[in-house]
Amino acid sequence: MATVRRLSGAIGDDMATIPVFDGHNDTVLSLRETGRSFFDRSTQGHVDLPRANDGGLIGGFFAVWVPNPDEAEIDPDSDDLTTSSYGSVESMPPILPLATAEHFALDALATLAGVARASDGKVAIVRTADDIRRNMKNGIFSMELHIEGAEPIDPSLNTLETFYLAGVRSIGMVWSRPNAFANGVPFQFPGSPDTGPGLTDAGKALVAACDELGIVVDMSHLNEAGFWDIAGISKNPLVCTHSGVHALSPSTRNLTDKQLDAIKDSEGIVGVNFHVGFINREGSRDPDKTSVSHLADHVDYMCERLGTDKVALGSDFDGATMPGDLKDAAGLPLLIEELVRRGYDDATLRAIGVENWLRIFDRTWKN
């Protein structure tokens, strides 16, 4: 690591001098389910504007995930999902009807647009890396619109450009369950991400179309065969927005060393997932048995394997169980302090916090 240059201020004071652009949250689902306001401090969920400001969270990928019709109240990656509900390929829910997924996604995107519109200029939807840079200078929170699971897109891809025009700049091929494009991984521990077939022909066409438009293709939740299909198709850096290290925690949701090496070779990036079940070495889902130290172990491993310019944060706020000492977005300075203790200097922390994402956006987004 580079020589440590201590951050000014104690935890809870000026630690937010390290800005964080987060690779994944499910906050729109939390807002819709609880009815809470994004602008008021809450004890529910993990992200609202006051807690974001406390933690140095300057924006992130705001995921639109379509719940299974009979489980509309379940958050993605929650404890229920990582225990017995979807612990095998056979137990994964069926493909969602296109009309159901499309309607929900459009409604959720409208919710996010409504947050930006009601923010009095404090929140903005971003479409370029320069939008994020300007917002950082002006103290504006940045929302990048992300579709998690390509179910809202028709297999002929007629709606893809419509979502692009609406502001969507990243698409996760799957949320674990199968769809018309690819297959995801079940929630197994221990387990291999090699759980089934790769991309369909429609999936391969979707990757090529995203490359053409300038949409980031997210491979988190995707099985290993699909990962290698994308690696062979896409001309852009490989991206996993919210994943962990399989060698440290052998969950099906985590990345093997071979996958990490491919991401490095492509000049790609991994956003490190905070979910306790993906970072705890024993797969424990008890937040009291998982801390920011476990999370920092995954950051360390990825920095060693990929280089510090290819590692970012992808919390899974509002869709996962956070380490007991971090709790929510306001707790991000605890992770920063832990990384400082391990020898990370300000420049490296800023790269992991936001600049590495900006590099990917500069390379991938077209306007």
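The values are calculated or read from the model by the stated rules, or taken from the named source; none is laboratory data. Computed from a prediction, not measured in an experiment: that's the story for all the values here. Positions of Cβ are backbone-derived with ideal geometry, glycine not excepted, and every protein chain shown enters the neighbour counts.
Taken as a whole, the condition of being on the phi < 0 side of the Ramachandran plot and without any contact (Cβ under 8 Å) to a residue 24 or more places away in the chain applies to GLU304.
Once segment 195-225 is narrowed to residues that are over 21 Å from the mean Cα position of the chain (by Cα) and of a type in the set (D, E, K, R), the residue that is surrounded by the fewest Cβ atoms within 10 Å (Cβ to Cβ) is ASP201.
Any residue at all in segment 332-352 that's touching a strand residue (DSSP E or B) at 6+ places or on another chain (Cβ under 7 Å), of a type in the set (Gly, Ala, Ser) and either under 27 Å from SER30 (Cβ atoms) or assigned to a helix (DSSP H, G or I) (or both)? Within segment 332-352 (the criterion being touching a strand residue (DSSP E or B) at 6+ places or on another chain (Cβ under 7 Å), of a type in the set (Gly, Ala, Ser) and either under 27 Å from SER30 (Cβ atoms) or assigned to a helix (DSSP H, G or I) (or both)), the answer is no, since none of the residues qualifies.
Among the candidates GLY12, GLY87, GLY35, the residue that is over 21 Å from ALA118 (Cβ atoms) and either at pLDDT 50 or above or in contact with a Lys or Arg (Cβ under 9 Å, 6 or more places away or on another chain) (or both) is uniquely GLY87.
If you take the residues of segment 240-289 that are within 12 Å of the chain's Cα centre (by Cα) and part of a strand (DSSP E or B), which of them is surrounded by the fewest Cβ atoms within 10 Å (Cβ to Cβ)? Only one residue tops the list, namely ILE269. Taking the criterion of being in a loop (DSSP other than H, G, I, E, B), in contact with a strand residue (DSSP E or B) (Cβ under 7 Å, 6 or more places away or on another chain) and free of Cβ contacts under 8 Å to residues at least 60 places away in the same chain, the residues of segment 167-214 that qualify are GLY167, MET173, VAL174, ALA182.
So, ARG169, is that one within 23 Å of ASP318 (Cβ to Cβ) and either touching a His at 6+ places or on another chain (Cβ under 6 Å) or at pLDDT below 95 (or both) or not?
On the way: within 23 Å of ASP318 (Cβ to Cβ): yes; either touching a His at 6+ places or on another chain (Cβ under 6 Å) or at pLDDT below 95 (or both): no.
Against the criterion (within 23 Å of ASP318 (Cβ to Cβ) and either touching a His at 6+ places or on another chain (Cβ under 6 Å) or at pLDDT below 95 (or both)), ARG169 does not qualify.
Total residues in segment 290-331 satisfying the condition of being more than 19 Å from ALA351 (Cα to Cα) and part of a loop (DSSP other than H, G, I, E, B): the figure is 14. Checking each residue in segment 134-156 for being under 19 Å from PHE104 (Cβ atoms) and surrounded by fewer than 21 Cβ atoms within 10 Å (Cβ to Cβ) picks out ASP154, PRO155.
The selection criterion, being of a type outside the set (Lys, Arg) and out of contact with any helix residue (DSSP H, G or I) (no Cβ under 7 Å at 6 or more places or on another chain), holds for ASP218.
Looking at ASP120, ASP131, ASP107, just one residue is of a type outside the set (Phe, Trp, Tyr), without any contact (Cβ under 8 Å) to a residue 24 or more places away in the chain, surrounded by 16 or more Cβ atoms within 10 Å (Cβ to Cβ) and not in a strand (DSSP E or B), and that residue is ASP131.
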